[in-house]
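Q: Structure incoming, see below.
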Amino acid sequence: MLSDTGFGNRRSINWVTASAFAIFHVLAVVALFYTTWSAVVLAVALHWICIGWGIGLGYHRLHTHRSYSVPKPLEYFLAICGTLTLQGGPIFWTAVHRIHHQHSDADGDPHTPRDGRWWAHMLWVVFGESLHDNTETMGKYAPDLSQDRFYRVLSQYHWVPLVILGLALLAVGGLPWLLWGVFLRVVFGLHCTWLVNSATHLWGGRRFQTTDDSRNLWWVALLSFGEGWHNNHHAHPTSARHGLGRFELDLTWLQIRLLEKIGLAWAVRLPTDQQIVRKELSADMAA
């Protein structure tokens with residue numbers, strides 16, 4: 001699978017990535033023994049900023065799918081928020097997600113549950129060649145970003161913003177803020193994103209006819225600010241709105257609407273009613 005990028009090589013463990021994830025998970029557990037109210041509030045706020053803004057608004061709907069446009073400084077800010085999740089730089093993240101859509105649940109998909117549930121959830125990151133800093137290879141799948149010097153530099157040094165944040169939290173709030181604001185928050189955010197790769201291709205309902213196994217899963221949508229409406233997304237990948245149903249809460253979409261209302265977002269892309277009806281499954285097929 002994707003031999004040209006290094007994905008899918010189960011014989012080679014990426015020890016740098018595996019060690020980093022192991023350390024973060026251990027320290028996430030340690031954080032529970034340093035619980036303070038201020039640390040908990042900080043972690044929740046940073047989860048919103050890093051996953052809600054960095055991944056949902058930024059890496060996914062803006063950088064990968066270009067489902068809306070914002071001023072360049074705001075676009076760059078959202079990319080920096082994305083680096084605070086320990087999910088790599090914008091070029092890497094965008095490239096992987098575009099590859100996923102090109103080969104969803106087929107040969108070439110970096111993280112399909114058809115290769116194993118735990119593979120889809122997190123092992124795909126642990127095995128194979130490290131591509132986080134390989135802008136030359138990953139840039140082939142994200143040429144729009146790789147042509148921008150800011151994104152090339154940020155992708156090369158994607159770990160720097162998180163280090164700076166950690167040092168700042170340690171200086172201001174001590175060990176509880178560091179453990180909750182970085183380690184526990186990052187680990188929780190990683191699993192929220194990974195659940196979109198694994199759980200929403202395994203369980204949930206299907207409203208639309210797609211060639212993959214994508215499904216809508218409400219509790220993943222709650223954890224990830226709307227990313228869990230995954231079948232909707234695969235049916236209409238360039239849509240800025242994922243929660244297309246009346247009761248499908250999509251907090252990321254609400255934030256895009258707010259940005260649009262105050263003039264900070266434009267060219268917001270949505271499927272037409274005809275496009276929605278055309279791809280909808282019948283009740284019997286959906287069941």
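Q: Do we find a residue being without any contact (Cβ under 8 Å) to a residue 40 or more places away in the chain and either farther than 27 Å from V30 by Cα or among the hydrophobic types (A, V, I, L, M, F, W, C) (or both) anywhere in the stretch 185-197?
A: Taking every residue of the stretch 185-197 in turn, at least one turns out to be without any contact (Cβ under 8 Å) to a residue 40 or more places away in the chain and either farther than 27 Å from V30 by Cα or among the hydrophobic types (A, V, I, L, M, F, W, C) (or both).
Q: Kindly indicate the residue of the stretch 1-35 that is in a helix (DSSP H, G or I), modelled with pLDDT under 95 and not hydrophobic (A, V, I, L, M, F, W, C) and also surrounded by the fewest Cβ atoms within 10 Å (Cβ to Cβ) among those meeting that condition.
A: Taking the candidates together, the pick is S19.
Q: Given the criterion over 22 Å from V44 (Cβ atoms) and of a type in the set (A, V, I, L, M, F, W, C), identify the matching residue among L281, L222, L259. So that I can check it myself, show each step before the final result.
A: Values: L222 fails: over 22 Å from V44 (Cβ atoms); L259 fails: over 22 Å from V44 (Cβ atoms).
L281 is the lone residue from the list that is over 22 Å from V44 (Cβ atoms) and of a type in the set (A, V, I, L, M, F, W, C).
Q: Take the residues in the stretch 36-86 that are touching a residue at least 40 places away in the same chain (Cβ under 8 Å) and charged (D, E, K, R), then tell me which one is surrounded by the fewest Cβ atoms within 10 Å (Cβ to Cβ).
A: Among them, the one singled out is R66.
Q: Looking at the stretch 13-26, I want the residues that are more than 17 Å from V182 (Cα to Cα) and have a partner that is in a helix (DSSP H, G or I) with Cβ atoms under 8 Å, at least 6 apart or on another chain. Which pairs are those?
A: I13/V126; N14/V125; N14/V126; A18/V126
Q: Taking the conditions exactly as written (small (G, A, S), more than 15 Å from the chain's Cα centre (by Cα) and within 23 Å of V70 (Cα to Cα)), does A235 satisfy them or not?
A: no
Q: For W93, work out the one condition from (1) surrounded by 15 or more Cβ atoms within 10 Å (Cβ to Cβ); (2) hydrophobic (A, V, I, L, M, F, W, C); (3) outside any helix (DSSP H, G or I) it doesn't fulfil.
A: For W93, the exception is condition (3).
Q: Among the residues of the stretch 223-277, write down those that are free of Cβ contacts under 8 Å to residues at least 40 places away in the same chain, more than 24 Å from T210 (Cα to Cα) and small (G, A, S).
A: Passing the criteria: only G263.
Q: Hey, another quick one. Report the residue count in the stretch 129-150 for those that are modelled with pLDDT of 70 or more and within 22 Å of W194 (Cα to Cα).
A: Residues flagged as modelled with pLDDT of 70 or more and within 22 Å of W194 (Cα to Cα) within the stretch 129-150 amount to 3.
The values are calculated or read from the model by the stated rules, or taken from the named source; none is laboratory data. What you are looking at is a predicted structure, and each value in this text was computed from that prediction instead of being measured. Glycine also receives a Cβ, built like all others from the backbone with ideal geometry; neighbour counts cover every protein chain displayed.
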